[in-house]
Each structure stands twice: as structure tokens, then as C-alpha cells.
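Below: the structure, in C-alpha cells.
The values are calculated or read from the model by the stated rules, or taken from the named source; none is laboratory data. Here the structure is a predicted model, which is why all the values come from computation and not from measurement. Every residue, glycine among them, receives a Cβ derived from its backbone with ideal geometry; neighbour counts consider all protein chains shown.
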Amino acid sequence: MKQQLNIFEELRHNGHEKSVTNVASVPQRSPFRYPGGKTWLIPIVRKWLRQDLEFKRLIEPFAGGGIVSLTTAFEKLADEIMMVEMDEEVAAVWEVILNAKNQWLADKIFSFDLTYANIDSELNRKNKELEDIAFCTILKNRIYHGGILAKGSGLIKNGENGKGIASRWYPKTLRDRITAINHIKEKIIFIKGDAFSIIEQQLLDQHSYFFIDPPYTIAGRRL
């Protein structure tokens, strides 16, 4: 049985915390902008997964933006990756990117004319297919304040340099990230389901590493 490393030990030296990771130095893999994103933690995750060289499986039961799983796949830090997500909208994005119309979503984002009329048309469309839900999720994540998807979240107003709703809408970047994922998706199993059930099923697997980052217990109800 492996012992859990104290992966935060190196963040402290003589009782003083070291400087926080510059997230600009970490490759951005996810199409999401996420409250509570873990890009800052990636250097520690790398060290954690490199602790031995035997076969390993990374399981991320609360996938969310998926930065840990994606980094693990791109940097070959594990042999298999399992992402689990219950939220219908977030799960739709990963289902499309990893299991279905990856290129369709990339092209849709790249070609979309970001106007208020077009946004309203997309978000209020009836009888959405899975890929439509995925697109609308990315759209809302990028144009809503703070990337918050919950009902009641509002559109970005001023944004960066007064760009408003276009402040976080980077169609080429998003297309490129989604297209890049297509090259490593065979390493990733995505499951739309309950994180706790998956944890129980895999708990005794000696080769499984769990990155468990559940939603905020209080703020999550609002976010």
C-alpha cells in the first residue's frame, strides 16, 4: 500500500510559505474558465504523479474544468485517466470533446459570431442535442461573469479593456485547445456519473491515484 505524500511540504520553508505558482507558466489545456481552478497546483501534481514509474491510473472524480486530467494525459504522467462529472452541462462538454463531435464543437466555436442576438438564439433554442448543450455551456462559461454557469449568473459587463462579452471569448484559442485534446483522448475515459460510486469501485486498486477536488460545500450551491 502506497503512502500519501505530503505534497504541500515543499510549499513551506522554515515556517514561511513559498511564492504562489505563476499560472501563466503552466500550459492552459482546458476550454473552461473555472471558479476555483487548479492551474496553480499543477507543479505539485507533476511531482505527486512522478513518485514512481510503475503503471498508474489517475482518477479525477469531480472533473470540472479537467486541468489535472488533461495535464496528466498531455505530459504522460499516467497510463490511463478517468474523468467523472455529474453536472449535466459540464459533462456534455466532456462527452462531446472526448467521445463524440470534437471537431464539430471546435469549428462551431471558431465560426460563431458573438452578438447578443446570436447568443440569445443559441441559449434559448429548444430541444438541444448533446453537442448543442456542450456549445452553450462553453458559451455561458466564457460570457458570464466569473464563468459561473448557475441560473441567475449575468453577462460580463465591462470586462477587460471594456470588451464586455468578448473579454473571455477566444475562439481560435478554444478551437486549438479542443483540437489538441483530440490527439490524447484515447488515454481518457469519461464517465457521467456519481463521483462517490466511482471512488468506492476503484478504492482498492493499488495503481489508482485519486485527485479529489469536490465542489464548494457552501458557495457551490450558489456557483
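Scanning segment 78-91 for residues that are surrounded by fewer than 20 Cβ atoms within 10 Å (Cβ to Cβ) and not acidic (Asp, Glu) gives a single hit, Met86.
I'd like the full set of residues that are among the hydrophobic types (A, V, I, L, M, F, W, C) and in a helix (DSSP H, G or I), limited to segment 189-217. If the condition is that a residue be among the hydrophobic types (A, V, I, L, M, F, W, C) and in a helix (DSSP H, G or I), then Ala195, Phe196, Ile198, Ile199 are the ones that fit.
In the condition set (1) within 20 Å of Asn118 (Cβ to Cβ); (2) surrounded by fewer than 18 Cβ atoms within 10 Å (Cβ to Cβ); (3) in contact with a strand residue (DSSP E or B) (Cβ under 8 Å, 6 or more places away or on another chain), Lys163 is compliant with all but (3).
Does segment 143-152 contain at least one residue that is in a helix (DSSP H, G or I), modelled with pLDDT under 95 and either touching a Lys or Arg at 6+ places or on another chain (Cβ under 7 Å) or surrounded by 15 or more Cβ atoms within 10 Å (Cβ to Cβ) (or both)? Within segment 143-152, one or more residues are in a helix (DSSP H, G or I), modelled with pLDDT under 95 and either touching a Lys or Arg at 6+ places or on another chain (Cβ under 7 Å) or surrounded by 15 or more Cβ atoms within 10 Å (Cβ to Cβ) (or both).
Scan segment 64-110 residue by residue and report those that are out of contact with any Leu (no Cβ under 9 Å at 6 or more places or on another chain), part of a helix (DSSP H, G or I) and of a type outside the set (A, V, I, L, M). Selection gives Phe74, Glu88, Trp94, Asn99, Asn102, Gln103, Trp104, Asp107, Lys108.
Just a yes or no: is a residue in segment 171-182 loosely packed, with under 12 Cβ neighbours inside 10 Å, at pLDDT 85 or above and under 17 Å from Ala106 (Cβ atoms)? Break it down stepwise before answering.
From segment 171-182, those loosely packed, with under 12 Cβ neighbours inside 10 Å are 172; that's our starting set.
Retained after the next criterion (residues that are at pLDDT 85 or above): 172.
Imposing the further condition that a residue be under 17 Å from Ala106 (Cβ atoms) reduces the set to 172.
Scanning segment 171-182 turns up at least one residue that is loosely packed, with under 12 Cβ neighbours inside 10 Å, at pLDDT 85 or above and under 17 Å from Ala106 (Cβ atoms).
Screening Ile97 against (1) at pLDDT 85 or above; (2) surrounded by fewer than 22 Cβ atoms within 10 Å (Cβ to Cβ) leaves a single unmet condition, (2). For segment 198-218, the criterion of being more than 18 Å from Arg57 (Cα to Cα), of a type in the set (A, V, I, L, M) and modelled with pLDDT under 90 is satisfied by at least one residue.
Given the condition assigned to a helix (DSSP H, G or I) and either at pLDDT below 90 or crowded, with 16+ Cβ neighbours inside 10 Å (or both), answer yes or no: does some residue in segment 51-63 qualify? Working first, answer last.
Applying the first criterion (assigned to a helix (DSSP H, G or I)) to segment 51-63 yields none.
No; the residues of segment 51-63 include none that is assigned to a helix (DSSP H, G or I) and either at pLDDT below 90 or crowded, with 16+ Cβ neighbours inside 10 Å (or both).
Contact map, segment 103-124: residues that are in contact (Cβ under 8 Å) with a residue 12 or more places away in the chain paired with residues that are not in a helix (DSSP H, G or I), Cβ distance under 6 Å, separation 6+ or inter-chain. Pairs shown: Leu114/Trp169. Residue pairs, Cβ under 8 Å, 6 or more apart or interchain, first in segment 131-143 and acidic (Asp, Glu), second outside any helix (DSSP H, G or I). List them. These pairs meet every condition: Glu131/Ala100; Glu131/Lys101; Asp132/Arg125. Annotation: of all residues in segment 163-197 being touching a residue at least 24 places away in the same chain (Cβ under 8 Å) and small (Gly, Ala, Ser), the one that is nearest to Thr137 (Cα to Cα) is Ala166.
On the given criteria, is Ile109 over 30 Å from Ile199 (Cβ atoms), crowded, with 17+ Cβ neighbours inside 10 Å and at pLDDT below 95? When the stated conditions are applied, Ile109 does not pass them.
With respect to the stated conditions, Leu70 fails to be under 23 Å from Lys192 (Cα atoms), modelled with pLDDT of 90 or more and touching a helix residue (DSSP H, G or I) at 6+ places or on another chain (Cβ under 6 Å).
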